[in-house]
1. For n ≥ 4 DSSP H runs only, could you compute -39500 (n - 2.57) per run for the chain, divide by its residues and tell me the 222 nm figure to the nearest 500?
2. Mind telling me which of GLN162, GLN95, GLN174 comes out most flexible in a GNM of the chain, alpha-carbon contacts under 10 Å?
3. Which of these, TRP119, TRP242, TRP194, has the largest mean-square fluctuation under a Gaussian network model of the chain (Cα springs below 10 Å)?
4. If I stretch the segment between GLU86 and LEU60 completely, what's the gain in nm (0.36 nm per residue apart, minus their alpha carbon distance), one decimal?
5. ILE185 versus ARG155, label points 7 Å from Cα toward the beta carbon: distance in nm?
6. Order by neighbour count: VAL193, VAL111, VAL151, VAL48, fewest other Cβ atoms within 10 Å first, most last.
7. Considering the options ILE255, THR115, GLY183, tell which one lies farthest towards the positive end of the dipole of the chain, charges being +1 on Lys and Arg and -1 on Asp and Glu at the Cβ, about the Cα centre.
8. For a footprinting-style exposure proxy, rank MET180, MET240 by other Cβ within 10 Å, fewest first.
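Just so it is clear, none of the values below were taken in a lab; they were calculated from the coordinates. Bear in mind the structure is a predicted one, so any value in this text is a computation, not a measurement. Using ideal geometry, Cβ is built from the backbone for each residue, glycine included, and neighbour counts are taken over all protein chains shown.
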Amino acid sequence: MSTSRRKFLQDTSKTIAAATLASSPLLSFAKNRRFSPNEKINIALIGVRGMGFGNLENALKIEGVECIGLCDIDRNILAKRASDVEKIQGKAPMQYNDYRKLLENKDLDAVIIGTPDHWHCLPFIAACEAGKDVYVEKPLANSIAECDLMVKAARKYNRVAQVGQQQRSGAHWQEAMAFMKSGKIGKLRKVNVWGNFNYGVGPMSVADEPVPAGVDYEMWLGPSPKRPFNKNRFHGSWRMFWDYGGGLLTDWGCI
Ligand SMILES: NC(=O)c1ccc[n+]([C@@H]2O[C@H](COP(=O)([O-])OP(=O)(O)OC[C@H]3O[C@@H](n4cnc5c(N)ncnc54)[C@H](O)[C@@H]3O)[C@@H](O)[C@H]2O)c1
């Protein structure tokens, strides 16, 4: 089914209301903005390797959405993703290594943040300050203090902001929740939740090594402690280290 721009905005509105991030949802997207329903929405992606790119691919299926920028601290992945986007939409996005430069782009309406968890808070707040709407991957951040600041920023700058949680917005999930809440299954006494697998664990313990060419490792570390480069703590497998994430519990257990 092709989702129209109006439907996209309506759905976004509903999800945001559910996430209680923005007090007056969607309609900041639709009302306060310079475009009419016939114009396009310019988006960009910060952190292009994994989930962020999946989100972008889905966003680009929506009529009227165009990716005008990609930002990553790894130039190798950035170049590959720029070529992927060009194949999808027939137009290459601008490439950035620093999200602060990307956010200076006046044509940009919204950003997707697909960076590791230790890098959600700062770009999120900067995007709100720059007047961009935000779709940020889960978990929102690594501490309640960071989350509070992010919610405050979204409200202060009247931004539409959504946390990327799977299994929330689809009609069948909503129907399942409505069924649970209807009381038809009786009183819930116990819920078991488990995840007995090692999602996101690196292959093995490996020695530190020089930073790979094309990688701005200082920027990858960002607000986390300075450490020598180690593949096990980098792309994809950072989530098992407290400096960057909270393991499977905050990864799959966040709500
Ligand atoms: N919703 C879901 O089901 C789901 C699934 C997987 C991952 N995630 C979330 O998505 C986020 C990304 O996870 P991933 O597995 O794709 O990680 P990843 O390590 O594969 O990709 C992260 C990308 O961000 C880039 N990056 C790091 N710091 C940056 C910075 N300062 N500026 C720009 N780019 C930067 C990295 O170079 C890398 O390309 C995490 O928050 C994770 O929890 C969500």
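1. -10500 deg cm²/dmol
2. Taking springs between Cα atoms under 10 Å, the residue moving most is GLN174.
3. TRP194
4. On the way: separation 26, 0.36 × 26 = 9.36 nm, distance 1.13 nm.
Going from the current span to full extension adds 8.2 nm.
5. 3.3 nm
6. In increasing order of surrounding Cβ atoms, one gets VAL193, VAL151, VAL48, VAL111.
7. So the residue we want is GLY183.
8. MET180, MET240
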